[in-house]
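Notes follow the structure.
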Amino acid sequence: MLIFSIVFTASIFFILFGIDELAIVSNVLGLIISLSFILKQKKQIKQTNKANKDILSTKKALNMLMQKKFQSLNIKVLKKEKNPYVTELKELSEAMQKQQNRIQKRTRKLQEKNIQNIQLLSTISHEIKNPLSIIQASIETISMYKDMDATMHDKLLDRIMKYSKKINALLNKLTLSESLEHNTIAISMEEFDIMVLCEDVIEGFNNFLLKVTYKDKQIILNGKYRNILADKILMEQVLNNLIHNALKYAKYQVTIHIQDKYIDIIDDGDGVAKSELNNLTKKYYQSTKAKQNEHSLGLGLFIVKEIAKIHNIKIEFFSKRSKKEGLCVRINI
């Protein structure tokens, strides 16, 4: 504007002194300067409007992201408007959407875990409450009838022993599953004969469960005497869990085959649906038949899987390979 004022003043001066040529040149120059100034102002106004539009557009996009309205953010429109931050907004939207998906997934898992824990507590409560009621009733009967006959007395004592063992086994399972899952269990590897260990485990079943709970069933053991390197106590737990599980679903017998590279534990029940085989070792998972037949914590096969993992042993499941077979569990050791 200062230059324009100087040129305008000079033009008046030239006119006063009759210097027409210089006055014309001065006027033209002033006109050019004026037009240049107007165009520059117009350009600045346009740039300001564009900047304001970009700010409003960006602010609107950020508000959508803040409200987690990811689907409402239209990147194509932002590109069309030539928003200078379209790339950054797109990347931010994708990052926030991924984070939101992770949060939703984690929330669903926590909700499932809470439901699972409630169901577990309900099952544990049932599993402990029933045996405790029976134990309590048996003790009260013995206390009330001091002169009862020996047969009834022994029967009640057997009942107390049976359900005490059931509660103890339940608590041991819970403790062992947590120790295995969080790697807080000490491993002691040693060489021992797996056939001999099987014989010892089966003797335990013969002395109690096969006399009391599964009177119409039997366990058949065949195969080879051979040594393996493993934690003997944990392998005993594996055999106990698998044989007990097989007895639950067997019609008449459980067969154990010990071969050179594997051990098969087979029941003669109805087997398991193929769709369920991959879920059998999941923690707290209960098959359809388990839910129909009796309460179960769904920890037995989970413990087997965790012990196998520690020993780098592969566990396989086969169902109904023949008419006489139900579920076969193979320990590749």
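The values are calculated or read from the model by the stated rules, or taken from the named source; none is laboratory data. Remember, it's a predicted structure, so these values are computed and weren't measured experimentally. Note that each Cβ is placed from the backbone with ideal geometry, even for glycine, and that neighbours are counted across all protein chains shown. Surface accessibility is based on the protein's heavy atoms, side chains included, excluding ligands, DNA and RNA. Shrake-Rupley method; radii C 1.70, N 1.55, O 1.52, S 1.80 Å.
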Average Cα contact separation per residue, the range 109-220, under 8 Å, 6 or more apart, as relative contact order %
20 percent
Please sort 208-215, 323-330, 158-165 by packing, taking for each peptide the average over its residues of neighbouring beta carbons within 10 angstrom, highest first.
323-330, 158-165, 208-215
Excluding ligands and nucleic acids, what accessible area in Å² is computed for Ser143 using a 1.4 Å probe, to the nearest 10?
60 Å²
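Find the accessible area per residue for the range 132-277; the probe is 1.4 Å, ligands and nucleic acids are left out, and the unit is Å². Don't skip to the end; give the middle numbers.
Numbers: 8490 Å² over 146 residues.
Computed with neighbouring chains in place, this is 58 Å² per residue.
Give, rounded to the nearest 20 debye, the magnitude of the charge dipole that the range 164-263 has about its Cα centre when Lys and Arg contribute +1 at Cβ and Asp and Glu contribute -1 at Cβ.
Values: 12 positive and 12 negative charges, 125 e Å.
Computed charge dipole of the range 164-263: roughly 600 debye.
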Wrap a convex hull around the Cα atoms of the range 183-333, take a quarter of its surface area, and give that in square nanometres.
8.8 nm²
Just how far, in whole angstrom, is the range 243-270 from the range 145-214 if you go by their alpha carbon centroids?
19 Å
Counting only protein heavy atoms, what percent of the accessible surface of the range 177-333 is carbon or sulfur at a 1.4 Å probe?
46 percent
Report P(r) for the range 158-242: all Cα-Cα distances, bin width 10 Å, range 0 to the bin holding the largest distance, values in whole percent.
14, 39, 35, 12
Around Gly223, which amide H atoms from residues at least 5 apart in sequence, or from another chain, sit under 5 Å from its own amide H, with H modelled in the peptide plane?
Ile258
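When you count, for each residue, the other Cβ atoms within 10 Å and take the mean per peptide, how do 256-268, 234-246 rank with the highest first?
Per-residue mean Cβ counts within 10 Å order the peptides as 234-246, 256-268.
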